[in-house]
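First the structure, in the form of structure tokens, and then the observations on it.
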Amino acid sequence: SKSTISKITDVVKEEIDAWQSRPLKEKYFAIYIDALFLNLRRNTVEKEALHIALGIDQEGKKEIPGFWINPTESSRSWELIINDLRERGVKEVLIFIADGLSGIQETIRKYYPRADFQSCIVHAERNLLSKVRAGDKDIIGREMKRIFDSSSEEEARRRFNEFKEEWNNKYPKAIYNMETRLDLLLTYYRYPEPVRKVIRSTNMIERLNKEIRRRIKIIDSLPGEESARKIIYLRIIEEN
């Protein structure tokens with residue numbers, strides 16, 4: 001009955017509120033942060049940003065510290081989220097991994113000044129390939145893979161300089177944009193070789209995003225924020 005469903009969902013709401021405000025561990029090896037968009041109704045239907053954080057603790061175990069729904073993805077919304085992690089007890093993070101959202105590393109540095117920041121190499125590759133001609137995509141993709149698969153940071157920088165020399169005349173703006181972020185793209189070389197592939201992209205959290213999209217794609221638009229929170233929460237606690 002409607003009343004029974006209402007009682008059940010009210011219990012879930014209380015559970016979500018408690019889960020979203022629970023104390024977190026003091027230290028994490030890594031925290032991945034990303035956002036995906038969903039259709040949400042607030043009188044009218046519009047796309048809103050679902051922000052998710054995925055942590056790896058000191059024992060190597062995955063945990064979703066939380067998720068947040070905001071009208072847009074912006075450095076301001078991420079600042080509120082990073083601050084929330086801090087207030088719930090996260091004192092130290094060795095490295096944050098995120099895509100190329102402008103200003104996000106400055107926001108992280110404000111709350112975790114000692115943390116490293118890794119800009120996702122997959123997003124960087126896609127961004128550059130979107131700005132080159134179709135006939136050049138395959139060879140440029142292979143050359144970028146050689147850069148990021150280098151055995152050392154020195155080798156990666158040398159290969160990037162060769163890459164720049166070859167393609168800069170044809171795609172100067174695309175190469176320049178990548179060069180300005182090169183330090184953030186090569187952060188993973190500060191860490192031992194066995195973990196580099198895990199921390200150089202947001203692939204780990206992208207897999208979770210894909211599963212959430214699969215859960216909600218059968219719904220044309222979510223009827224409200226609380227409905228969205230219930231569906232997302234019930235999937236995330238499975239992950240945890």
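The values are calculated or read from the model by the stated rules, or taken from the named source; none is laboratory data. Remember, predicted model here, so these are calculated numbers, not experimental data. Positions of Cβ are backbone-derived with ideal geometry, glycine not excepted, and every protein chain shown enters the neighbour counts. Quick note on the areas: whole protein, heavy atoms, side chains included, nothing else; ligands and nucleic acids left out. Shrake-Rupley method; radii C 1.70, N 1.55, O 1.52, S 1.80 Å.
Please work out if Pro194 is open to solvent by 80 Å² or more (accessible area, probe 1.4 Å), more than 18 Å from the chain's Cα centre (by Cα) and more than 17 Å from Gly55 (Cβ to Cβ). Give the steps one after another, and end with the answer.
Numbers: open to solvent by 80 Å² or more (accessible area, probe 1.4 Å): yes; more than 18 Å from the chain's Cα centre (by Cα): yes; more than 17 Å from Gly55 (Cβ to Cβ): yes.
Against the criterion (open to solvent by 80 Å² or more (accessible area, probe 1.4 Å), more than 18 Å from the chain's Cα centre (by Cα) and more than 17 Å from Gly55 (Cβ to Cβ)), Pro194 qualifies.
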Determine which single condition Leu24 fails, assuming it passes every other condition in (1) open to solvent by less than 10 Å² (accessible area, probe 1.4 Å); (2) touching a Gly at 6+ places or on another chain (Cβ under 7 Å); (3) of a type in the set (A, V, I, L, M). (1)
In the set Glu143, Glu166, which member is of a type in the set (Asp, Glu), at pLDDT 95 or above, in a helix (DSSP H, G or I) and in contact with a helix residue (DSSP H, G or I) (Cβ under 6 Å, 6 or more places away or on another chain)? Glu143
Matching residues in the range 143-177 - criterion: being surrounded by 13 or more Cβ atoms within 10 Å (Cβ to Cβ) and hydroxyl-bearing (Ser, Thr, Tyr): Ser150, Tyr171
In the range 176-186, what count of residues is obtained for those that are within 15 Å of Asp99 (Cα to Cα) and in a helix (DSSP H, G or I)? 7
Which of the residues belonging to the range 52-65 are within 13 Å of the chain's Cα centre (by Cα) and either aliphatic (A, V, I, L, M) or open to solvent by 80 Å² or more (accessible area, probe 1.4 Å) (or both)? Ile52, Ala53, Leu54, Ile64
Under the condition of being touching a strand residue (DSSP E or B) at 6+ places or on another chain (Cβ under 8 Å) and of a type in the set (Asp, Glu), which residue from the range 88-147 is farthest from Asp57 (Cα to Cα)? Asp99
Mind checking which residues of the range 194-203 are in contact (Cβ under 8 Å) with a residue 12 or more places away in the chain and over 13 Å from Phe96 (Cα atoms)? Asn203
Are there any pairs with C-beta distances below 6 angstrom linking a residue in the range 9-35 that is over 28 Å from Cys120 (Cβ atoms) to a residue that is surrounded by fewer than 14 Cβ atoms within 10 Å (Cβ to Cβ), with the two at least 6 apart or on different chains, and if so which? Pro23/Gly89
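Here's a check for you: in the range 187-221, which residue that is in a loop (DSSP other than H, G, I, E, B) and of a type outside the set (Ser, Thr, Tyr) is modelled with the lowest pLDDT? Walk me through it before giving the result.
As a first pass, look at the range 187-221 and keep what is in a loop (DSSP other than H, G, I, E, B): 191-192, 200-202, 217-221.
Then keep just the ones that are of a type outside the set (Ser, Thr, Tyr); that gives 192, 200, 217-220.
Values: Pro192: 95, Arg200: 97, Lys217: 71, Ile218: 64, Ile219: 64, Asp220: 58.
Among residues in the range 187-221 that are in a loop (DSSP other than H, G, I, E, B) and of a type outside the set (Ser, Thr, Tyr), the one modelled with the lowest pLDDT is Asp220.
Of all residues in the range 90-142, count the ones that are of a type in the set (A, V, I, L, M, F, W, C), more than 19 Å from Lys164 (Cβ to Cβ) and open to solvent by less than 60 Å² (accessible area, probe 1.4 Å). Break it down into steps so the answer makes sense when it comes.
First, pick out the residues of the range 90-142 that are of a type in the set (A, V, I, L, M, F, W, C): 90, 93-98, 101, 104, 108, 115, 117, 120-122, 124, 128-129, 132, 134, 139-140.
From the residues that got through so far, the ones that are more than 19 Å from Lys164 (Cβ to Cβ) too are 90, 93-98, 101, 104, 108, 115, 117, 120, 122, 134.
So of that shortlist, the ones also open to solvent by less than 60 Å² (accessible area, probe 1.4 Å) come out as 90, 93, 95-98, 101, 104, 108, 115, 117, 120, 122.
So the answer is 13.
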Among residues belonging to the range 197-214 that are under 21 Å from Phe117 (Cα atoms) and β-branched (Val, Ile, Thr), point out the one that is most open to solvent (accessible area, probe 1.4 Å). Val198
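Taking the condition of being open to solvent by 50 Å² or more (accessible area, probe 1.4 Å) and either modelled with pLDDT of 95 or more or charged (D, E, K, R) (or both), how many residues in the range 30-48 meet it? Explain how you work it out, then say what you get.
Within the range 30-48, the subset open to solvent by 50 Å² or more (accessible area, probe 1.4 Å) is 37, 39, 41-47.
From what is left, the residues that are either modelled with pLDDT of 95 or more or charged (D, E, K, R) (or both) are 41-42, 46-47.
Total satisfying the criteria: 4.
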Specify which of the listed residues (Trp78, Trp68) is free of Cβ contacts under 8 Å to residues at least 24 places away in the same chain, under 21 Å from Ile212 (Cα atoms) and within 16 Å of the chain's Cα centre (by Cα). Trp68
